[in-house]
Amino acid sequence: MKKEKYLLGIDIGTTATKGTLLHPSRGIVAEAEAPSQLVSRRAGWAEENPEEWWRNVGEVTRTCLQKASIAGKDVGGVGVSGMVPTLILVDRSGKVLRPSIQQNDARSFEEIVEFRRQVDEEDVLRRTGSAITQQSIGPKLLWLRRHEPEAMAHAAHLMGSYEYIVYRLTGSFTCERNWALESGLFDLHREDWDESLLRLSTISRDWLGRVAWPSEVVGGMNSDAALHTGLAEGTPVVTGSADHIASAFSAGVKSPGDLLVKLGGAGDILYDLDRPVVDSRLFLDYHVIPGKYLINGCMAASGSIIKWFRNELARGADYAVLDAEGSSTPCGSDGLVLLPYFLGEKTPINDPLARGVLFGLTLSHTRGHIYRAILEGIAYGFQHHLAVLAERNLRAGKARVTNGGARSALWKQVTADVLGIPLEEVADHPGSSLGAAYVAGMGIGQFKEWGEIERFIRVSNLVKPDPEAHGRYRDLFQVYRGLYDSLKEQFPALHRAVGGKA
């Protein structure tokens, strides 16, 4: 019988780097995290420091080893997940040339228009499975050529968040399939880079690593990484996974119709498919399970709006206090409706110039009203995605809820009430890092079947929607939809009025 080895999963998240140490028989034995900082130097910008992620990887790995009281040699495999498609430029020596440009960064709106003018958008959507949006890598590269030519002149490689960490661990330049697919530069049908889109983006395939499946072992831990992390030199490292895909898998989303709602810094909603479905309003991803897909939406800002409100307007009030104030506020926030487009918006409207709006304010409204309206506005964003899925005759079966927001009883209840579906809460869900650890286990043969993930999942609570609240929210959702339609021509005008600053 093969000796069981520990498995390390690392997730490069927006606000923290997290590590999960998994034992095939004993389950999760240790967890650790270290904070990371999202920087927005100008409106619509979102950047982070990859070197901070790397420092965090060393810290969380050593902490996990210490908590589990094991040696680095006891870890049999490492998997990394992360935000996608983050853009990182490195030179020939592997040095990072500038901060990462995050997937929700909205600076390249002019280049998006330019990109769209030079292609047949419908043809690009059919070929790549991706619409040309603020998430697309091509327009961001055009922006860099225009505004930071020196960085582009020294660039030799382009990679994402978890690909960068895998490179630091192994020295191997690889590209996980979902970074490739979500970049908008990859032909879904030929499963290869689209040369015409690469040329339009002003790069060649030499900039991009070899495209690999998540569980493929791409190299062994190099000596520098072993010294940095405390793991043994030569420890196998797999390609890794997009964070939202690893998180959905580790929440049990693996059968057609399964749905996951992630209440995180950005809001994700994912739906399991056995076949690819292409829609310009949604993203399409490969599942970690070969032959399966996930159609999904990502809102640029969700929990980050709550954090902003707490820090900037609520004087750092405890979240429990804000939840209590929001709970004492009537359903519908006495007529307040929020558009959660604080970083522009990705799906389903794909509008980088959209901005946050709080509609319906009166002098009778309190802090609790505004807080609840934020939660409701985020939930309306999720409902907008379900409406798009319904247009494609895709309806939710089993639905689960995870991430930090799942700790808030109010946020969960508001979400269930708006969506009108029961939500199963996954207990103590470590998120993407668990999925990354399991993917590593598949890569080194510790697990034989993808379905074994169920051994590490426990549903703790079922949040049932209130029919009366759902009825009220159904009416307010129409107000929410009408607000954007009424204002979408004003967002470009606002942009021009402030001097075109993004």
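Could you tell me whether segment 300-313 includes any residue that is buried (at least 23 other Cβ atoms within 10 Å of the Cβ), part of a strand (DSSP E or B) and touching a residue at least 40 places away in the same chain (Cβ under 8 Å)? No, because not a single residue in segment 300-313 is buried (at least 23 other Cβ atoms within 10 Å of the Cβ), part of a strand (DSSP E or B) and touching a residue at least 40 places away in the same chain (Cβ under 8 Å).
The condition (being of a type in the set (Gly, Ala, Ser), within 25 Å of Thr174 (Cβ to Cβ), in the same structural domain as Ile165 (by TED's automatic domain parsing) and at pLDDT below 95) is satisfied by just one residue among Ala151, Ala131, Ala46: Ala46. The residue list Val414, Val439, Val401 contains one member that is in a strand (DSSP E or B), crowded, with 23+ Cβ neighbours inside 10 Å and modelled with pLDDT of 95 or more, which is Val401.
Scanning segment 256-298 for residues that are farther than 23 Å from Val124 by Cβ and modelled with pLDDT under 95 yields Lys262, Leu263, Gly264, Gly265, Ala266, Gly267, Asp268, Pro290, Gly291. Screening the candidates Arg62, Arg98, Arg92 for the property of being surrounded by fewer than 24 Cβ atoms within 10 Å (Cβ to Cβ), in contact with a helix residue (DSSP H, G or I) (Cβ under 8 Å, 6 or more places away or on another chain), part of a loop (DSSP other than H, G, I, E, B) and in contact (Cβ under 8 Å) with a residue 24 or more places away in the chain yields one hit, Arg98.
List the residue pairs whose Cβ atoms are under 6 Å apart, where the first residue sits in segment 480-502 and is touching a residue at least 12 places away in the same chain (Cβ under 8 Å), the second is assigned to a helix (DSSP H, G or I), and the two are 6 or more positions apart or on different chains. Close Cβ pairs (under 6 Å, with a partner that is assigned to a helix (DSSP H, G or I)) amount to Tyr480/Tyr380. If you go through segment 457-478 one residue at a time, do you hit one that is modelled with pLDDT of 95 or more, over 22 Å from Pro422 (Cβ atoms), part of a helix (DSSP H, G or I) and out of contact with any helix residue (DSSP H, G or I) (no Cβ under 7 Å at 6 or more places or on another chain)? Yes, segment 457-478 has at least one match.
The values are calculated or read from the model by the stated rules, or taken from the named source; none is laboratory data. Quick caveat: nothing in here was measured; it's all calculated off a predicted structure. Note: ideal-geometry Cβ built from the backbone for every residue, glycine included; neighbour counts use all protein chains shown.
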